[in-house]
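Working notes, beginning with the structure itself.
Rule-based calculations on the coordinates, nothing more; no lab input. Quick caveat: nothing in here was measured; it's all calculated off a predicted structure. With ideal geometry, Cβ positions are generated from the backbone for all residues, glycine too; neighbour counts draw on all protein chains shown.
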Amino acid sequence: MENEVKLAAGAMVALAVATAALVILPYIQVRDIHAPEGLKPYTSAELRGREVYIANGCVYCHTQQPRDRNLGPDAERGWGRASVPGDYIYDKPHLLGSMRTGPDLFNIGARQPSQDWHLGHLYQPRAYVPGSIMPSYPYMFDVKPEAEEGDVVLKLPPGAAPNGRVVVARPEALDLVRYLRGLNHTYPVLPPQPRGEAAPAAAPPPAGAASSADAKAS
Ligand code: HEC
């Protein structure tokens, strides 16, 4: 019997340690994180575009996490400042990614704001970047003899458009491009406050400026 008690107690301790390390500590680390001032929540169209991004596996080739200068030359590549936890506050699920077959896209909206470029690049990456190994996504577009009212017609480079017909973006392509163009985290963020150091707001008031708390105490 004694051994069973030891076994059960050991299992409980292991579970408690694991829960503390994997659930409680991370929760304490991220619970006070707020959205940076410059970050806007996604619009409905951008959220639909995000679903298209997930469904088509863009995350398998593209990250959304520029690294700190000490860890890699991401800033020199023009991918922007290192991301901070608050940048991801509206991301469910997050799309950090771990493979960089293509460039990091965290700030693609700032780097490439053109809707025409994005649509054309999704239809045929090699029309824009010769030798690109990014797949084309023809099923996000319709090829028709002529455009109808309300159609968004692609302005493709010469040679990329099918002869005598027009390429029209389907709603999923338009939503995806809205999402991509919205990926812009170039707003400034303050470095995180070091632990244990008083925040400026909590600093003692300047001499002579008696606060109401002082008045009560005296
Ligand atoms: C097999 C890997 C792969 C997949 C999957 C992939 N890409 Fe790419 N992507 C690349 C590569 C490589 C490049 C660089 C060459 C180029 O621009 O075509 C690139 C470039 C890009 C660029 C231009 C980046 C820049 O900095 O100029 C965008 C935007 C982009 N991809 C979006 C997407 C989206 C959206 C999807 C999903 C629908 C996707 N990619 C899927 C490999 C991939």
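Multiply the residue gap between ILE28 and ASP116 by 0.36 nm, knock off their C-alpha separation, and tell me the result in nm, one decimal place. Before the final figure, lay out each step's value.
Working: separation 88, 0.36 × 88 = 31.68 nm, distance 4.40 nm.
In short, 27.3 nm is gained.
Site-free segments of the chain were taken between GluC sites (Glu not before Pro) in DSSP loops having at most 14 other Cβ atoms within 10 Å, sites themselves excluded; the longest one is 77-145.
Roughly how large, in nm² to one decimal, is the mean projection of the convex hull of the alpha-carbon atoms in region 1-145?
Numbers: hull surface 57.8 nm².
The directionally averaged projection comes out at 14.5 nm².
Given +1 at the Cβ of Lys and Arg, -1 at the Cβ of Asp and Glu and no other charges, the dipole of region 41-191 around its Cα centre is 380 debye to the nearest 20.
Projecting each Cα onto the charge dipole of the chain (Lys/Arg +1, Asp/Glu -1 at the beta carbon, about the Cα centre), which of ILE28, GLY159, ALA173 comes out farthest on the positive side? Highest projection toward the positive end goes to GLY159.
Take every pair of alpha-carbon atoms less than 8 Å apart whose residues are at least six positions apart; their mean separation over the length of region 41-191 yields a relative contact order of 30 percent.
Summary value for region 1-107: 29 percent relative contact order, contacts being C-alpha pairs under 8 angstrom separated by 6+ residues. In plain terms, the chain from ALA11 to LYS144 could stretch by 41.4 nm, reckoned as 0.36 nm per residue minus the Cα-Cα distance.
When only alpha carbons are used to place a centre, region 110-136 and region 59-84 end up 20 Å from one another. Database remark: amide H of PHE141 closer than 5 angstrom to the amide H of ARG170 (H placed geometrically; neighbours at sequence offset of 5 or more, or on other chains; Pro and chain starts carry no H). Relative to the Cα centre, the charge distribution of region 1-95, modelled as +1 at Lys and Arg Cβ and -1 at Asp and Glu Cβ, gives a dipole magnitude of about 220 debye. Of the chymotrypsin sites (Phe, Trp or Tyr not before Pro) found in region 1-102, none is in coil by DSSP with at most 10 other Cβ atoms within 10 Å of its Cβ.
Grab the DSSP H runs of the chain that are 4 residues or longer, score each as -39,500 (n - 2.57), total them, divide by all residues and round the 222 nm result to the nearest 500 deg cm²/dmol. Before the final figure, lay out the partial values.
Numbers: 7 runs with 67 residues, N = 218.
So the helix-based figure for the chain works out to -9000 deg cm²/dmol.
Take every Cα pair under 8 Å whose residues are at least 6 apart in sequence, average their separation, divide by the length of region 112-185, and the relative contact order is 34 percent. The phi-based Karplus calculation (6.51 cos²θ - 1.76 cosθ + 1.60; θ = phi - 60°) puts the 3J(HN,Hα) values of region 131-142 at x, 4, 9, 6, x, 8, 10, x, 6, 8, 9, 10 Hz, whole numbers, x for Gly and Pro.
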